[in-house]
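Have a look at the structure below before the remarks.
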Amino acid sequence: MKYEIILSGFGGQGVMSIGKNLVEAGMEEGLFVTWVPSYGPEMRGGTANCTVILSDEPIGAPLVDNPTEIVVMNRPSLAKFEPIVVPGGTVFINSSVVEDKVTREDLKAYYIPCDTIALELGNPKVSNMVMLGAYIGATGALKQETIEEMIKEMFKGKKEKLIPLNIEALKRGMDAVK
């Protein structure tokens, strides 16, 4: 099993957080993982993306030239990364922001209204957790329980009150791809 993922969006949309959650949960489940962030000239509002590899075998290099999946939180990311997804790959699109559809017929696409769901939950900042839930729900790459434990770890102490909201966002994302 090997997932090679590119996650991309505007700075501030939480794509780096999704990537970090994936690799931390992957490590917890005993997988080999890599996470390579890439920021545009401006962090908040500029382009940000990261690559993640989750594998049950050692990873030779952290480079992802042809991802098996892409997670797209903004329109420029779809235009940039759709052409390089492997045939048969999967595209996850934040349809609250990206109105465009996948043009390739050899790809599976999920359109998740992440921002809309986050607003329904009362906090626009959890749209990335909605997308993380959609990714986990569709691919089965990691266990939901492991991701929930990562959320609990991430929001320890003063931010503990955010745990239920983030777990609910994760579940709503999973439900969106059923």
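Secondary structure note: in the chain, about 55% of the DSSP beta bridges are antiparallel.
Top mean-square fluctuation among 59, 136, 70, Gaussian network model of the chain, C-alpha springs under 10 Å? Result for the chain, Cα springs under 10 Å: 59 fluctuates most. In segment 1-144, Rg over Rh equals 0.94, where Rg is the alpha-carbon radius of gyration and Rh the Kirkwood radius from pairwise Cα distances.
Taking the Cα centre of the chain as reference, the dipole from Cβ charges on Lys and Arg (+1) and Asp and Glu (-1) amounts to some 520 debye. Among 95, 77, 17, the ranking by other beta carbons within 10 Å of each residue's beta carbon, starting with the fewest, stands as 17, 95, 77. A run of the chain free of exposed loop cleavage sites, with GluC sites (Glu not before Pro) counted only in DSSP states other than H, G, I, E and B and at most 16 other beta carbons within 10 Å, reaches its longest extent at 106-178. Lysine pairs in segment 2-176 whose alpha-carbon atoms fall under 15 angstrom of each other, counting only those eight or more residues apart or on distinct chains, come to 8. The trypsin sites (Lys or Arg not before Pro) of segment 64-144 meeting both criteria, a DSSP state outside H, G, I, E and B (loop) and at most 16 other C-beta atoms within 10 angstrom of the site's C-beta, are 101, 104, 143.
All of the numbers you see were taken from the coordinates with simple rules; none came from a lab. A quick note: this is a predicted structure, and the numbers were derived from the prediction, not measured. Because the Cβ atoms are built from the backbone with ideal geometry, glycine has one as well, and the counts that use them run over all protein chains shown.
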